[in-house]
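Bear in mind that the values in this text are calculations on the coordinates, not laboratory data. What you see is a predicted model; the values in this text were computed from it and never measured. FYI the Cβ positions are ideal-geometry reconstructions off the backbone, even for glycines, and counts take in every protein chain you see.
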């Protein structure tokens, strides 16, 4: 019984530290960003190729929840479903943000 409790606690602890976009597909997220030409809109806002939007000091993105809310706002015109939003989040988190 003690072993079971220890294993259960260990599993719960590990899941608390799982990636916030663990169900997202990084490669599909990268594909979706290219397909929907997200960087065109970002470039109009920050110049260059648009990637500076992810690293700017004035970023509103402070955690994974902020990023998901921004993806949801951006996806309004593209009608992304929840899975696609998770995929984009997984890609952006891996490439730029590194949220735990």
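Kindly put 78, 67 in sequence by how many other C-beta atoms sit within 10 Å of each C-beta, fewest to most. Don't skip to the answer; put the middle values down first.
Numbers: 78 13, 67 24.
Lowest to highest Cβ neighbour count: 78, 67.
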Relative contact order for region 24-75: what is it in percent, counting Cα pairs under 8 Å that are at least 6 residues apart?
-> 15 percent
Residue order, fewest to most beta carbons within 10 Å, for 92, 32 = 32, 92
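Sort 41, 74 by Cβ crowding within 10 Å, fewest neighbours at the top. List each step's numbers first, then the result.
Numbers: 41 13, 74 16.
Taking fewest neighbouring Cβ atoms as first place, the list is 41, 74.
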Between residue 63 and residue 31, what is the spin-label point distance in nm, taking each point 7 Å from the Cα along the Cα→C-beta axis?
-> 3.2 nm
